[in-house]
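Okay, so here's the structure we're looking at.
The values are calculated or read from the model by the stated rules, or taken from the named source; none is laboratory data. Please read these numbers as outputs of a predicted model, since none were measured by experiment. Here the Cβ positions follow ideal geometry from the backbone for every residue, glycine too, while neighbour counts run over all protein chains shown.
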Amino acid sequence: MTHGRPEGAAWAPLWERDDELAAASHALDDLRMDSTSAGRLLVFGGEAGTGKTALLAAVRGMAEGRATVWSARGGETVTSVPFNVVRQLLQPALVALTPEEIHEYLGDWYEIAGPALGVTEPGGRQVDPQAVCDGLVEAVTRLAHWKWPLVLIIDDAHWADQETLQWLAAFVRRLDELSVLVVVAHRTGGAEGDSARHLAAVDAAAHTLSILRPFGPDAVASLTRATLGEHADAPFCREIWAVTGGNPYETVELLAKVQDSELEPVESCADGLRALNRTPKGNGLVARLESLGPDAIRLAWAAAVLGTDISLDLAARLAGMSRDKAEDCVDRLRTARILLRDGEDLEFVQPKIASTIYRSISGATRTALHGRAASVVTLAGLGAAAASRHLLEVHPDDDPELVGQLRQAAAEHLAVGAPDAARRCLERALREPPLPEIHARVLYELGCATLLTSPATTIAHLREALSMHGLDQELRVDAVCRLSQAFVHNDQLEEGLRAIDEEAGRLGPGPTRLRLQAVRSMWEGIHAGEEDAPGRSRRLAALAGPLTGRDNSERALLILRAFDAMTRGESAEMVVELCDRALVNGRLAPGLGWTDTEWSFELRLMLGGCYAFADRIDRAESLFTEGVRAYESAGWSGGHLALSHAFLGYVHRRRGRLADAERSLREGLRLADRVGEGLPMHWEVASMLIDTLLARGHVEEAGAIADQYGFAPPSASTIYVPDAMSVRGRLLLALGRTDEGLSQLEATARALTARGQYNTVLAPWAYDLARALAHEDPERAAHLVSDARMQAERFGTDTAIGEALRCAAALETGPRAVALYRKAATYLESSPCAYEHAVARVEYGIAAESAVELERGLTLARECGADGLVDRALDHLAPARQ
Ligand SMILES: Nc1ncnc2c1ncn2[C@@H]1O[C@H](COP(=O)(O)OP(=O)(O)O)[C@@H](O)[C@H]1O
Ligand SMILES: [Mg+2]
């Protein structure tokens, strides 16, 4: 059905398309040369009838036998069917492979891309459309490796469904790394909304983009003579061109009519051409159809209503006729150049014909046909989602069953990652309208469907749902949690908190209210400004302190409390104990896993961050390793994966595996760059990477990253791990921009103190400031260090205390310094932070003038990949070694 023209095996040579064919031919040669060379994208644009399909058929003919060719086309009446075109495109692969083989090829992507491709049943819940898109890109990439050399041809892309276009736009961006030839044709200006945006992205990625022009008079003359015979005279040919404007479709059609009418192709008959030409569009076509009799009309209508994937059998059933009669009608429709047939599959000769016939059906009949089509499609076992396109066309009529079918279809769309299609179904269900007792539920479902894509509409739907009766208590609370999330995403934190408070006010104490309180604390913890941070901490401590972690609301509160305590530098032992309480058998609880969406993703980062800074790096490492794996296998390649790579990298940094850390962090940044620009996550990851590069002694590279990402984080609400302002201060000092560095560190001191954040490992600004001030203001420096030392003792980890001692040592001289350095090195040796230990060891060696300690420090520095520290140790060893 999709393989070009089923009946058009023998294509007449194309006129005036030499450049396009040459481009295709070169691209094909390049493709076949080497399976590692870059892919190519050819795009052909143009108005209806300019020969896009004909050209694609020629490209297809050229490629067949030399490459694997898969093709598909969009359809005007099926733009609302999610993944329709990409499914068609991969059909040959999907039918050639057994389910086990598909599973093997797609590997980890099977679960995520399989449902969208219709090769596996979707799971029950809503899937992130971006993840599905990424999964499809990966799936097709793998199939392309398998089937190299592969040519993908997509016709009428302006009518492809939006989900396919999103995939296509993402896929063609990969062509630099993937040897596959993609050829796309679309009508210029034929798409709208998101589809137009995706299509513009496809155009922008094209290596060759050509707009097909109408024929000139010479080509029309040649075509005329080739069709009607050499005796067609020049004025007649010229008139053909004048009448059709050189549009290939109109030209071919007019010539066919001339043949049918037995008009002589000579000047004296040229006058009749205008009248003849008026017939192909609109009424002419309809008249032609009508002349074929009522059965043929019914079959053509049925085919037009089905739109795509038209099997003879479905069309016959929809037209309500026997198979024999349908076969007979198809024959007549073929003769009239309306339908094409390839075995069981039917297709309209031109999409324009399909639209004209579809529009010629009277409104009432069309609606009735769609209603019947929905049940024919459902009876054929194609599922509620497939039937939903037809249900959308049926007039609203208080039909509870229709509402049920549309809700079912919406659930199926959500489960394959097509929330937009789900939204259309639910909006239509609301117009039916639903029975009063389920109206609120439908609104709630609609709110859930739009949550990821449109916070503003989500807010409206959920508010309306909450204002009605019909949601039970659990669902109400769920709706409020989602409503607050939509508010937060819409930058309306205050409204979000208010919605939670209102609902919480109606509830007595108990797990349901606790859930609301947990969500509230989460939004506050992640997004609130600096206002009354200490008060918030106190309230959180009171709320979470007594909890045992028996459900996820409790666990969320425990994590929030632990993170708050960690940033404030409260006892690390308590922080770890709170975190442990939030786990189940040492692991994330069901529903709080990496890919669970009910609770904000940041909670897992907070949990891992707590462990990392409380010297339980082993726990942090296994958590983030699990996170990376979970996202990779679920196909979440956006911000989630970027941040979990980065946090894993930062765990390496804490352990002192600096080269590994740098690698993971750069990967994190690369992934973050794919998500967007200038997002908080860029600062977060850049901050980690800069900290790591400084530890390595690669100051210039650290500066380059800072420049590239405009690394000047605001002191506002977001908490970065490690504290980005401290990192920036240290960087500026390392770059020799002392004044800027000092003022950054002073600003950091003010901001963090106001918030009550005293963790000296997370935000070590005091040490950098003290060292920088040691000469000009020794008193202040000593003060800073003794304050920091107190905080470090309060937090109580070996790392915190060791680092405080090391800085104290730096402010001393003589035996006092040596003693402090020795103590610092001892603490840090028992900490899990190998880099900090290496620094202390080297500094101890320098202070004590001990070659043995220096050698130990040197070995440690080398193991860490701390190049700057290695040099420093060598500088001091050189005299000793001589
Ligand atoms: N370059 C060409 N040379 C000869 N005939 C052509 C050419 N391009 C198109 N045609 C004829 O015009 C008709 C319409 O072309 P088609 O490819 O269907 O247009 P589009 O896909 O742009 O709407 C086709 O049936 C084909 O026979
Ligand atoms: Mg076409």
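Remarks
- Every residue from segment 277-287 that is surrounded by fewer than 18 Cβ atoms within 10 Å (Cβ to Cβ) and either of a type in the set (Lys, Arg) or part of a helix (DSSP H, G or I) (or both): Arg278, Lys281, Asn283, Gly284, Val286, Ala287
- Filter result for Leu199 (aliphatic (A, V, I, L, M), in contact (Cβ under 8 Å) with a residue 24 or more places away in the chain and more than 16 Å from ligand 1 (Cβ to nearest atom)): no
- Residue count for segment 67-121, restricted to those that are over 26 Å from Ala387 (Cβ atoms), modelled with pLDDT under 90 and not in a helix (DSSP H, G or I): 2.
- Candidate set from segment 67-77 (those that are among the β-branched types (Val, Ile, Thr) and away from ligand 2 (no atom under 16 Å from the Cβ)); member that is nearest to Val182 (Cα to Cα): Val69
- Checked against (1) within 16 Å of ligand 1 (Cβ to nearest atom); (2) outside any helix (DSSP H, G or I); (3) not aliphatic (A, V, I, L, M), Thr356 passes all but a single condition, namely (2).
- Condition check for Val519: surrounded by 21 or more Cβ atoms within 10 Å (Cβ to Cβ) and within 29 Å of Ala763 (Cβ to Cβ): yes
- Wholly enclosed helices (runs of 4 or more DSSP H) of segment 377-450 bearing at least 1 residues within 28 Å of the chain's Cα centre (by Cα) and among the β-branched types (Val, Ile, Thr): 436-450
- From the list Ala384, Ala422, the one residue that fits, being within 20 Å of Asp161 (Cβ to Cβ) and in contact with a His (Cβ under 7 Å, 6 or more places away or on another chain), is Ala422.
- From the options Arg317, Arg298, Arg332, residue that is surrounded by fewer than 24 Cβ atoms within 10 Å (Cβ to Cβ), under 18 Å from Ser362 (Cα atoms), touching a helix residue (DSSP H, G or I) at 6+ places or on another chain (Cβ under 8 Å) and not assigned by TED's automatic domain parsing to the domain that holds Tyr249: Arg298
- Residues located in segment 290-306, provided they are more than 17 Å from Arg317 (Cβ to Cβ) and not polar (S, T, N, Q): Glu290, Leu292, Gly293, Pro294
- Qualifying residue in segment 162-179 (condition: under 19 Å from the mean Cα position of the chain (by Cα), part of a loop (DSSP other than H, G, I, E, B) and assigned by TED's automatic domain parsing to the domain that holds Leu55): yes
- Residue count, segment 22-47 (criterion: within 12 Å of ligand 2 (Cβ to nearest atom) and farther than 21 Å from Leu168 by Cβ): 1
- Out of Ala157, Ala139, Ala204, Ala170, sole residue that is among the aliphatic types (A, V, I, L, M), within 16 Å of ligand 1 (Cβ to nearest atom) and either free of Cβ contacts under 8 Å to residues at least 40 places away in the same chain or buried (at least 20 other Cβ atoms within 10 Å of the Cβ) (or both): Ala157
- Scan of segment 48-66 for residues that are assigned to a helix (DSSP H, G or I), touching a Phe, Trp or Tyr at 6+ places or on another chain (Cβ under 8 Å) and within 15 Å of ligand 2 (Cβ to nearest atom), ordered by number: Lys52, Ala54, Leu55, Leu56, Ala57, Ala58
- Conditions (1) over 22 Å from Asp155 (Cβ atoms); (2) without any contact (Cβ under 8 Å) to a residue 60 or more places away in the chain; number of the one not met by Ala93: (1)
One line per residue, one yes/no per condition, for (1) closer than 24 Å to Arg750 by Cα; (2) out of contact with any Asp or Glu (no Cβ under 9 Å at 6 or more places or on another chain); (3) not aliphatic (A, V, I, L, M):
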{"site": "Ala781", "(1), (2), (3)": "yes, yes, no"}
{"site": "Ala792", "(1), (2), (3)": "yes, no, no"}
{"site": "Arg816", "(1), (2), (3)": "no, yes, yes"}
{"site": "Gly845", "(1), (2), (3)": "no, no, yes"}
{"site": "Gly857", "(1), (2), (3)": "no, no, yes"}
{"site": "Glu863", "(1), (2), (3)": "no, yes, yes"}
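- Of the set (1) over 25 Å from the mean Cα position of the chain (by Cα); (2) at pLDDT 95 or above, all apply to Pro511 but (2).
- Considering segment 629-723, the qualifying helices (runs of 4 or more DSSP H), each wholly inside and each with 3 or more residues that are surrounded by 24 or more Cβ atoms within 10 Å (Cβ to Cβ), run over 639-655, 658-675, 680-696.
- All of Ala196, Ala219 fail the test of being surrounded by fewer than 21 Cβ atoms within 10 Å (Cβ to Cβ), over 30 Å from His640 (Cβ atoms) and among the aliphatic types (A, V, I, L, M), apart from Ala219.
- Tally, over segment 199-246, of residues that are closer than 30 Å to Pro419 by Cβ and away from ligand 2 (no atom under 16 Å from the Cβ): 7
- Of all the numbered requirements in (1) polar (S, T, N, Q); (2) within 16 Å of ligand 2 (Cβ to nearest atom); (3) free of Cβ contacts under 8 Å to residues at least 60 places away in the same chain, Gln88 misses one, and that requirement is (3).
- Matching residues, segment 331-377, being without any contact (Cβ under 8 Å) to a residue 24 or more places away in the chain and either touching a Leu at 6+ places or on another chain (Cβ under 6 Å) or within 16 Å of ligand 2 (Cβ to nearest atom) (or both): Val349
- Residues satisfying the stated conditions in segment 151-198, i.e. of a type in the set (A, V, I, L, M), within 16 Å of ligand 2 (Cβ to nearest atom) and more than 26 Å from Arg423 (Cα to Cα): Ile153, Ile154, Val183, Val184, Ala185
- Annotation: of all residues in segment 241-266 being more than 13 Å from ligand 1 (Cβ to nearest atom) and part of a helix (DSSP H, G or I), the one that is surrounded by the most Cβ atoms within 10 Å (Cβ to Cβ) is Val258.
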